[in-house]
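The values are calculated or read from the model by the stated rules, or taken from the named source; none is laboratory data. Remember, predicted model here, so these are calculated numbers, not experimental data. Because the Cβ atoms are built from the backbone with ideal geometry, glycine has one as well, and the counts that use them run over all protein chains shown. With ligands, DNA and RNA removed, areas are computed over all heavy atoms of the protein, side chains included. Shrake-Rupley method; radii C 1.70, N 1.55, O 1.52, S 1.80 Å.
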Amino acid sequence: MLGFSTYAALLPELRDAWQLSNAQAGLVSGMFFAGYVCTVSLWTALTDRVDARRIYLVGSVLAALGSAGFGAFVNGFAGAVAFQALLGVGLAATYMPGLRLLSDRVSGPYQSRYIAFYTSFFGIGTALSLAMAGFLAAAYGWRAAFIAAGIGPLIAGVGIYGLLQPIAAQGETRISLRSLFPFSAWKQVLADRATAGYTLGYTAHCLELFGSRAWMVAFLAFSAGLHSGATFPWAGATIAAVVNLLAVPASILGNEVALKIGRRRWILLVMAASGSLGMVVGASASWHWTLVLALLLVYSMLVMAESGTLTAGMVAAAPPGLRGAAMGLYSLVGFGGGLLGPVVFGTALDLAGGAGSRAAWLAAYAAIGMGCLAAPIVARIGANRARR
């Protein structure tokens, strides 16, 4: 995960250096998820046919090339788009195949808890990525930050391949268009109301999560520029790393709460809260830095609080013979939301007055939170139709 947030940590610097619009800067972030979405079906389908450890190793190499290549070769928008997409292809071959490696080795009542830990460590990787990028860029320049981040995936790939025992793959090894895009299987998955609900919720969650993370450092830079006196005690990338790290337990604890009060109730409560608080964060840029950071931390915790619950719920609800297809569709449409999040945020900034406008930041946070705010309404409509 070390290359995951390198661009987000350096977005303000690279946006200004390359004279990008906010929409273009958001598109560079979004292309990471474009690479992910375009290939996740291939990697997930392969987990039903070949040893998932091999897929994970290939993905690790691709992620390393994407990160290091960005630092070595990119000089503007076009190159940034290409290497961010390659980085996304690499993550697609590690994240969901990694989840498959885990779920194939853990079953029963502990599976939900293990999956919550797995999704939470995604946040730890994000925090480390932000912290390392901020430190290395300040000391050695932004190119060194990208190149150094490429080491992490290589270590992960070798570790997974060497430490896990193989499990025999099920099914044929031949890959076809039907296996990459199993529409008939996806139709059966979506016919299950619970699985479809978790998948739709994950889309709204990813749009808000990755939209807010992509622009967090830029928001902190804007807020710092509004303060003439006492301002933030650390650099924006360091603050973002700490916020992301402190938000990690929210996913684990949130899943524990959901097991007690019910997954559906917890997810809807958290989504409504995060969508609402996001707009408060957007309006807080000029407030005292302690209040800005406190709001940002609580907001980040709320955004993460239903992450593990959504994934664990989907795995538990997926039809027994369609788990691979369900996981592929879940990741595909969810990270499709991740693709839209940074772009929606940046476009809203441009349309509402630009990155120098306080109202524009409120509009941008509102734009990425609309899906979560709508979730309780959509759930109520669905429940009423089910009763009829």
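Would you mind computing the Rg to Rh ratio of the stretch 28-75 from its alpha-carbon coordinates, Kirkwood style for Rh?
We get a ratio of 1.05 for the stretch 28-75.
Which of the peptides 81-89, 220-228 is most tightly packed, and how do the rest follow, judged by the mean count of other Cβ atoms within 10 Å per residue? Could you put the intermediate results ahead of the total?
On the way: 81-89: 23.3, 220-228: 16.8.
Descending packing order for the listed peptides: 81-89, 220-228.
Averaged over every viewing direction, what's the projected area of the C-alpha convex hull for the stretch 1-123? Give it in nm², one decimal, please.
Seen from a random direction, the Cα hull of the stretch 1-123 projects 7.8 nm² on average.
Kirkwood hydrodynamic radius, computed over distinct alpha-carbon pairs, for the stretch 266-388: how many Å, to one decimal?
Every distinct Cα pair counted, the radius reaches 16.2 Å.
In units of 2.2 N^0.38 Å, what is the alpha-carbon radius of gyration of the chain? If you can, show how the numbers build up before the last one.
On the way: Rg = 20.1 Å, N = 388, 2.2 N^0.38 = 21.2 Å.
Normalised Cα radius of gyration, the chain: 0.95.
On a C-alpha basis, how far is the centre of the stretch 27-50 from the centre of the stretch 177-254 in Å? Whole number, if you could?
Result: 17 Å between the Cα centres.
Assuming 0.692 mPa s and 37 °C, estimate D for the stretch 204-351 with Stokes-Einstein, Rh taken as the Kirkwood radius over Cα pairs, in µm²/s.
Values: Rh = 16.4 Å.
Here the translational diffusion coefficient equals 200 µm²/s.
With r as the distance between the Cβ atoms of Ala139 and Glu256 and R0 = 41 Å, compute the FRET efficiency 1/(1 + (r/R0)^6) and round to 0.05. All intermediate terms of the calculation are to be shown ahead of the outcome.
Working: r = 40 Å, r/R0 = 0.97.
Calculated value: 0.55.
Would you kindly state how much longer the chain becomes between Ile151 and Ala191 on full extension, computed as 0.36 nm times their sequence separation minus their alpha carbon distance, in nm to one decimal?
10.2 nm
With each label point set 7 Å from Cα along the Cα-Cβ vector, what nm distance links Leu163 and Val280?
Between Leu163 and Val280, the label points sit 3.9 nm apart.
Considering the options Trp361, Ser29, Leu277, tell which one lies farthest towards the positive end of the dipole of the chain, charges being +1 on Lys and Arg and -1 on Asp and Glu at the Cβ, about the Cα centre.
Going by the charge dipole, the pick is Leu277.
Can you give me the C-alpha center-to-center distance between the stretch 363-377 and the stretch 302-330, rounded to a whole angstrom?
The two parts, judged by their Cα centres, are 21 Å apart.
On average, how much accessible surface per residue is there in the chain, in Å², for a 1.4 Å probe, leaving out ligands, DNA and RNA?
Values: 15950 Å² over 388 residues.
Value returned for the chain: 41 Å² of accessible area per residue.
Arranged from highest to lowest average of other beta-carbon atoms within 10 Å per residue, in what order do the peptides 136-143, 232-239 appear? Numbers along the way, then the final one.
On the way: 136-143: 15.9, 232-239: 19.4.
Top to bottom by mean Cβ count within 10 Å: 232-239, 136-143.
Need one number: nm distance between label points at Glu13 and Leu291, each 7 Å from Cα along Cα→Cβ, rounded to one decimal.
Reported label-point gap for Glu13 and Leu291 is 3.1 nm.
State the percentage of accessible surface on the stretch 96-145 attributable to carbon and sulfur atoms; use a 1.4 Å probe and exclude ligands, DNA and RNA.
C and S fraction of accessible area: 66 percent.
Taking every alpha carbon pair in the stretch 313-370, what does the distance histogram look like in 5 angstrom bins from 0, in percent?
The percentages, shortest bin first, are 4, 19, 19, 13, 10, 10, 9, 8, 6, 2, 0.
Ranked highest first by the average count of other Cβ atoms within 10 Å around their residues, in what order do 183-195, 17-29, 123-135 fall?
Those peptides, ordered most packed to least, come out 123-135, 17-29, 183-195.
So if I place +1 on the C-beta of Lys and Arg and -1 on the C-beta of Asp and Glu, and nothing else carries charge, what would the dipole magnitude of the stretch 1-143 be about its Cα centre? I want it in debye, nearest 20.
Dipole of the stretch 1-143, to the nearest 20 debye: 280 debye.
Taking the Cα centre of the chain as origin and charging only Cβ (+1 Lys, Arg; -1 Asp, Glu), how large is the dipole, in debye to the nearest 20?
Dipole of the chain, to the nearest 20 debye: 1100 debye.
What are the ³J(HN,Hα) couplings of the stretch 195-207, residue after residue, when phi is run through the Karplus curve with 6.51, -1.76, 1.60 and θ = phi - 60°? Round to Hz, x for glycine and proline.
Couplings: 4, 4, x, 5, 5, 5, x, 5, 4, 5, 4, 5, 4 Hz.
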